[in-house]
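Contents: one structure, followed by commentary.
The values are calculated or read from the model by the stated rules, or taken from the named source; none is laboratory data. Everything numeric in this text was worked out from a predicted model, so none of it was measured. So basically every Cβ, Gly included, is an ideal-geometry build from the backbone, and we count neighbours across all protein chains shown. Surface areas here come from the heavy atoms of the whole protein model, side chains and all, with no ligands, DNA or RNA. Shrake-Rupley method; radii C 1.70, N 1.55, O 1.52, S 1.80 Å.
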Amino acid sequence: MKTVLIPEDIAEVGKAYLRERGYSIRMGRGTDKASLLADIADVDAVLFRNEAYDKEILDAAKQVKVMARHGVGVDKVDLAHAEELGIWVTNGATSNSNSVAEMTIGFIIALGRNLLESNKAAHAADYGFRNRKAGMDLEGKTLALLGYGKIGKLVAKKAHYGLGMKVYAYDPLLDQMDKPDYVHKLDHFDDAFRIGDYVSAHYPASEQNNKTITIDQFRLMKQSAYFLNLARGEILVEADLLEALQQGLIAGAALDVMNDEPPKADNPLLAIEHLLLTPHNAALTSDAKIRMALFAAQGIDEVLSGKTPSWPVNNPPVPRASMEVL
């Protein structure tokens with residue numbers, strides 16, 4: 001019987017999918033490096049969430065044929081080394097795109113209508129707030145997207161049809177994509193910051209992409225504009241966002257992701273009232289959690305039963321799974 005390691009719990013439907021197909025499930029003792037090293041040596045597959053898998057952990061995974069991401073992002077996995085070892089890495093490419101896109105629209109509305117501050121004022125019976133700070137209509141405002149992948153496309157559609165916003169997008173691959181007429185191409189990364197009433201980041205973390213949003217970009221923005229990051233904390237220089245908010249370079253911001261998760265208690269961003277923060281849960285609706293669990297379980301079963309996975313992230317030239325079948 002093949003064994004699947006699950007370091008952090010998932011929806012029951014994903015575990016049931018695996019058990020019904022004859023796999024044994026080992027719930028991990030934790031997501032820290034020591035726990036992963038202790039748990040991974042004798043399993044055939046790993047169904048992982050946000051924990052990191054570096055070269056040392058992958059080298060310890062002597063029997064692992066497939067690692068399936070509960071979600072989409074795989075920036076915490078050494079993909080090249082996994083490929084060298086013959087380990088497939090899969091994800092759930094479409095499992096949470098709509099959930100994150102909906103949260104993005106929620107962020108836009110919350111920022112534009114001062115929902116955080118309005119809620120605080122109403123709880124304090126401070127109805128004078130309504131005359132001190134007005135929100136903005138979203139119809140006709142400009143949304144500038146950084147990244148036009150699965151999530152970016154859905155955000156664009158919802159913003160255009162649902163809110164009547166003007167939508168612009170920057171993506172190096174945009175010329176190779178099908179793009180509706182209502183999405184206008186931006187030629188340069190910085191153009192998004194110049195024109196956007198809302199600038200929303202939806203591109204992956206990588207060596208090239210990390211720390212690409214800095215004070216230089218915030219200085220290009222309108223003082224009435226808002227910045228959103230629902231991608232990865234690593235793409236943003238947090239100290240620069242703090243400076244932009246403290247100096248009034250922008251009207252506010254919303255983050256679902258941060259560099260340290262959870263952030264340290266003394267992180268000064270936690271004290272900024274016009275910063276909307278959520279605990280990296282944009283993708284974690286009850287519906288998306290079911291899809292993420294199922295898609296990850298499906299990827300594991302596909303590889304261990306000798307099939308090519310539906311959502312591969314890498315392409316090992318000599319997969320361990322095929323060697324075992326032979």
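Some observations on this one:
- All positions within the stretch 270-326 that are in contact (Cβ under 8 Å) with a residue 40 or more places away in the chain, of a type outside the set (D, E), assigned to a helix (DSSP H, G or I) and closer than 30 Å to L111 by Cα: A288, K289, I290, R291, M292
- T212 being among the polar types (S, T, N, Q), modelled with pLDDT of 95 or more and under 23 Å from V313 (Cβ atoms): yes
- Tally of residues being over 24 Å from D187 (Cβ atoms) and either under 23 Å from the mean Cα position of the chain (by Cα) or among the small types (G, A, S) (or both) across the stretch 136-162: 2
- Of all residues in the stretch 26-37, one or more are touching a residue at least 24 places away in the same chain (Cβ under 8 Å) and buried (at least 21 other Cβ atoms within 10 Å of the Cβ).
- Top-ranked residue of the stretch 38-63 - restricted to ones that are open to solvent by 50 Å² or more (accessible area, probe 1.4 Å) and outside any helix (DSSP H, G or I), ranked as modelled with the lowest pLDDT: N50
- Residue among I250, I272 that alone is open to solvent by less than 20 Å² (accessible area, probe 1.4 Å) and over 21 Å from the mean Cα position of the chain (by Cα): I250
- In the stretch 197-216, the residues that are farther than 21 Å from I108 by Cα form Cβ pairs under 8 Å with partners that are at pLDDT below 95 and acidic (D, E), at six or more places apart or across chains, as follows: A205/D75; S206/D75.
- Residue within the stretch 215-236 that is more than 29 Å from H160 (Cβ to Cβ), open to solvent by 40 Å² or more (accessible area, probe 1.4 Å) and assigned to a loop (DSSP other than H, G, I, E, B) present: no
- Restricting attention to the stretch 64-110, the residues that are at pLDDT 95 or above, of a type in the set (A, V, I, L, M), outside any helix (DSSP H, G or I) and open to solvent by 10 Å² or more (accessible area, probe 1.4 Å) total 1.
- Condition broken by E83, with the remaining ones in (1) charged (D, E, K, R); (2) closer than 30 Å to G152 by Cα; (3) touching a strand residue (DSSP E or B) at 6+ places or on another chain (Cβ under 7 Å) satisfied: (3)
- Matching option when the condition is open to solvent by less than 50 Å² (accessible area, probe 1.4 Å) and in contact (Cβ under 8 Å) with a residue 40 or more places away in the chain, among G135, G162, G140, G152: G152
- Residue match in the stretch 243-250 (condition: touching a Leu at 6+ places or on another chain (Cβ under 8 Å) and part of a strand (DSSP E or B)): no
- Hey, D240 among the charged types (D, E, K, R), more than 21 Å from M103 (Cα to Cα), in contact with an Asp or Glu (Cβ under 9 Å, 6 or more places away or on another chain) and not in a loop (DSSP other than H, G, I, E, B) or not: yes
- Residue check, D44 under 26 Å from the mean Cα position of the chain (by Cα) and on the phi < 0 side of the Ramachandran plot: no
- None of Y182, Y168, Y127 is under 25 Å from K222 (Cβ atoms) and over 24 Å from the mean Cα position of the chain (by Cα) except Y182.
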